[in-house]
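Let me begin by presenting the structure, written as structure tokens, before commenting on it.
The values are calculated or read from the model by the stated rules, or taken from the named source; none is laboratory data. These figures come from a predicted structure and were not determined experimentally. With ideal geometry, Cβ positions are generated from the backbone for all residues, glycine too; neighbour counts draw on all protein chains shown.
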Amino acid sequence: MEVIFVRHGETQHNKHHQLMGQRIDDVLDEEGLHQAADLIAKIPKDSEVILSSPLKRALQTAQIISKRLNVPVQVSDLLKERDFGNLSGKTWTQINHETGSDLHAVDEHLKYDYRKFGGESVEQVKGRLTKFLDWIKQEHGKEKVIVVTHYGIILLMDQMYPQKEHEAAGNVSVHKYKV
């Protein structure tokens, strides 16, 4: 089954390089709204299902796609961004300074464990994602599926389902996976 994952459009927190995770539920900024509207050119017109994280930035992006394709959006908590705990709202520079370690590098290599900050570990997020993928195979295995989600989820997908060629996981990037 091929599934297309899309990262949400830009928010003010993205613009200022502040981590949101699950705890900061920011909306798309003006640029993000334009990005989401332009995204439709990259989405197959025959998509049958749109699944989205419930966080506002992803859901707004999904709703913009939904209006263009006339396909309803279904929401899944399993698609939420990783939880950074009390590090949410800070920049990587602030986090690295406060913790005395390069957590950004740890995060990018998918070796993170934010439980000591009240957040999630990579294993917990991967567990959510695996549960979601099992569910879509069962419920939507024969349909063309668009998934609107977050950077951390797309990084895990890249690790679990390596692609030969793909976009960097920037705002409104599109990623195709065979699951």
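Quick look at the numbers
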| read-out | value |
| --- | --- |
| Filter result (part of a loop (DSSP other than H, G, I, E, B) and either of a type outside the set (Asp, Glu) or modelled with pLDDT of 80 or more (or both)) within the stretch 167-178 | Ala168, Ala169, Gly170, Asn171, Val172, Ser173 |
| Answer residue from the stretch 148-166, given it is surrounded by fewer than 18 Cβ atoms within 10 Å (Cβ to Cβ) and in a loop (DSSP other than H, G, I, E, B) and is modelled with the lowest pLDDT among those | Lys164 |
| Asp113, sole failed condition from (1) within 17 Å of Gln22 (Cβ to Cβ); (2) touching a strand residue (DSSP E or B) at 6+ places or on another chain (Cβ under 7 Å); (3) buried (at least 17 other Cβ atoms within 10 Å of the Cβ) | (3) |
| One residue from Ser66, Ser47 being under 24 Å from Glu143 (Cα atoms), of a type in the set (Gly, Ala, Ser), more than 13 Å from the chain's Cα centre (by Cα) and part of a helix (DSSP H, G or I) | Ser66 |
| Pairs with Cβ under 8 Å, 6+ apart, first in the stretch 158-179 and of a type in the set (S, T, N, Q), second assigned to a loop (DSSP other than H, G, I, E, B) | Gln159/Leu110; Asn171/His8; Asn171/Gly9; Asn171/Glu10; Ser173/Glu167 |
